[in-house]
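*Asks:* I have a structure here, written as structure tokens, and I will follow up with some questions on it.
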Amino acid sequence: MDISTFLAQCLNAVQYGLLLFLVASGLTLIFGIMGVINLAHGSFYMIGAYMAWALAPLFGDQFLLQLLAGVVLAAALGFVLEWIFFSYLYQRDHLQQVLMTYALILVFEELRSLLAGNEVHGVNIPPWLSGSIALGDLMSYPVYNLFASAACLLVAFGLYWVVNRTRLGMMIRAGASNRDMVRGLGINIGMLYRIVFAAGVALAALAGMIAAPMASVYPGMGGQVLIICFVVVVIGGIGSISGALIASLLVGFVDTFGKVLFTQFSGLSIYLLMALILIWRPQGLKSKGY
């Protein structure tokens, strides 16, 4: 492997890891902070990808406005879903959470089939992001992939700042530790959790919208990313956003270079990584903090 190929694979690993973090951070918020096992989280990623396909004709080259509109719509969807369905799950056992969220997967898949069909769709890269940067004499790297990495980094820093440096973040962390105490202090814990859930849905949908121009939009795409996201959450430590970021980058590098160096066993690489880390640290990489 020459230096330009190695550099390209490193960029691919970082881009994949950061995109995975967007989805996994939403799952970390919902699963780690609210205590809800949300099997439908991958469906929100799929919804984001399909929104990118559906909104593209309306916004044309205004890709940033398209992303903003998609995030607002996804947050509104999350707000309504938490109000109608998830608000009743906090005091129930995990089996009921699994059954209801699995039912939501079936509902979303049927709605997707009715509204968008079962064909594979493509989303065009915006013209202003369609170029490439040379990596040596024979290799280049797409500008859009660099944009995706930069956007994910920006969201990651923003999320970390909100959770650790703002009053809202303080209330979220307090609610995760002791919701009864927070309720006793006069904070509307129901509304707080509704905001957290809406943010988690918006993050997953944003990841789907960013990923859509780099890959096809197709049925069942949410199920593939869901399993990897649970791996990331477990590796990073349940409820830890910074742990999810570290774990996402680790999974990105292991998966990317596993496919290059060990093609036949690449599917096992991330699960082997999870097993080794859990043997070393059963609580995950970061058991405390956010």
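The values are calculated or read from the model by the stated rules, or taken from the named source; none is laboratory data. Please read all numbers here as calculations on a predicted model, not as lab measurements. No Cβ is skipped: glycine too gets one built from the backbone with ideal geometry, and neighbour counts run over all protein chains shown. In case anyone asks, the SASA skips ligands and DNA or RNA and just uses the protein heavy atoms, side chains included. Shrake-Rupley method; radii C 1.70, N 1.55, O 1.52, S 1.80 Å.
*Asks:* Among the residues of the range 117-142, count how many are closer than 20 Å to GLN66 by Cβ and buried (at least 16 other Cβ atoms within 10 Å of the Cβ).
*Replies:* Looking only at that region, the number is 6.
*Asks:* Pairs only if they're at least six apart or on different chains, beta carbon under 6 angstrom, first in the range 166-186 and within 21 Å of SER240 (Cβ to Cβ), second assigned to a loop (DSSP other than H, G, I, E, B) and open to solvent by less than 70 Å² (accessible area, probe 1.4 Å); list them, first residue then second.
*Replies:* Cβ pairs passing all conditions: MET171/ILE187.
*Asks:* If we keep just the residues of the range 2-37 that are in a loop (DSSP other than H, G, I, E, B) and on the phi < 0 side of the Ramachandran plot, which is surrounded by the most Cβ atoms within 10 Å (Cβ to Cβ)? Give the derivation first.
*Replies:* As a first pass, look at the range 2-37 and keep what is in a loop (DSSP other than H, G, I, E, B): 2, 34-37.
Those still in the list that are on the phi < 0 side of the Ramachandran plot too: 2, 34, 36-37.
Values: ASP2: 10, MET34: 22, VAL36: 25, ILE37: 18.
Selected residue: VAL36.
*Asks:* Would you say GLN224 is in a helix (DSSP H, G or I), under 23 Å from VAL36 (Cβ atoms) and open to solvent by 50 Å² or more (accessible area, probe 1.4 Å)? Give the derivation first.
*Replies:* Working: in a helix (DSSP H, G or I): yes; under 23 Å from VAL36 (Cβ atoms): yes; open to solvent by 50 Å² or more (accessible area, probe 1.4 Å): yes.
Yes.
*Asks:* Examine the range 185-192 for a residue that is farther than 30 Å from GLU119 by Cβ and within 14 Å of the chain's Cα centre (by Cα), and state whether such a residue exists.
*Replies:* Within the range 185-192, not a single residue is farther than 30 Å from GLU119 by Cβ and within 14 Å of the chain's Cα centre (by Cα).
*Asks:* On the given criteria, is SER266 without any contact (Cβ under 8 Å) to a residue 12 or more places away in the chain and either surrounded by 16 or more Cβ atoms within 10 Å (Cβ to Cβ) or part of a loop (DSSP other than H, G, I, E, B) (or both)?
*Replies:* On the way: without any contact (Cβ under 8 Å) to a residue 12 or more places away in the chain: yes; either surrounded by 16 or more Cβ atoms within 10 Å (Cβ to Cβ) or part of a loop (DSSP other than H, G, I, E, B) (or both): yes.
Spelling it out, SER266 is indeed without any contact (Cβ under 8 Å) to a residue 12 or more places away in the chain and either surrounded by 16 or more Cβ atoms within 10 Å (Cβ to Cβ) or part of a loop (DSSP other than H, G, I, E, B) (or both).
*Asks:* Does the range 155-214 hold any residues that are touching a Leu at 6+ places or on another chain (Cβ under 8 Å), of a type in the set (Val, Ile, Thr) and over 16 Å from TYR90 (Cα atoms), and which are they?
*Replies:* Within the range 155-214, VAL155, VAL162, VAL201, ILE210 meet the criteria.
*Asks:* Using the structure shown, decide if ALA40 is more than 22 Å from LEU154 (Cα to Cα), among the hydrophobic types (A, V, I, L, M, F, W, C) and surrounded by 24 or more Cβ atoms within 10 Å (Cβ to Cβ).
*Replies:* yes
Here is a yes/no grid of residues against (1) closer than 30 Å to MET191 by Cβ; (2) of a type outside the set (Lys, Arg):
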site: ALA24; (1), (2): yes, yes
site: PHE31; (1), (2): yes, yes
site: ILE47; (1), (2): yes, yes
site: ALA56; (1), (2): no, yes
site: GLY70; (1), (2): yes, yes
site: PHE86; (1), (2): yes, yes
site: ARG92; (1), (2): yes, no
site: GLN97; (1), (2): yes, yes
site: PHE108; (1), (2): yes, yes
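*Asks:* Moving on to the next point. Scanning for something open to solvent by 20 Å² or more (accessible area, probe 1.4 Å), within 16 Å of the chain's Cα centre (by Cα), of a type outside the set (S, T, N, Q) and farther than 19 Å from PHE230 by Cα, does the range 51-63 turn up at least one residue?
*Replies:* Among the residues of the range 51-63, at least one is open to solvent by 20 Å² or more (accessible area, probe 1.4 Å), within 16 Å of the chain's Cα centre (by Cα), of a type outside the set (S, T, N, Q) and farther than 19 Å from PHE230 by Cα, which makes the answer yes.
*Asks:* Got at least one residue in the range 102-116 being surrounded by 12 or more Cβ atoms within 10 Å (Cβ to Cβ), in contact (Cβ under 8 Å) with a residue 40 or more places away in the chain and of a type in the set (Val, Ile, Thr)?
*Replies:* Checked the range 102-116: at least one residue is surrounded by 12 or more Cβ atoms within 10 Å (Cβ to Cβ), in contact (Cβ under 8 Å) with a residue 40 or more places away in the chain and of a type in the set (Val, Ile, Thr).
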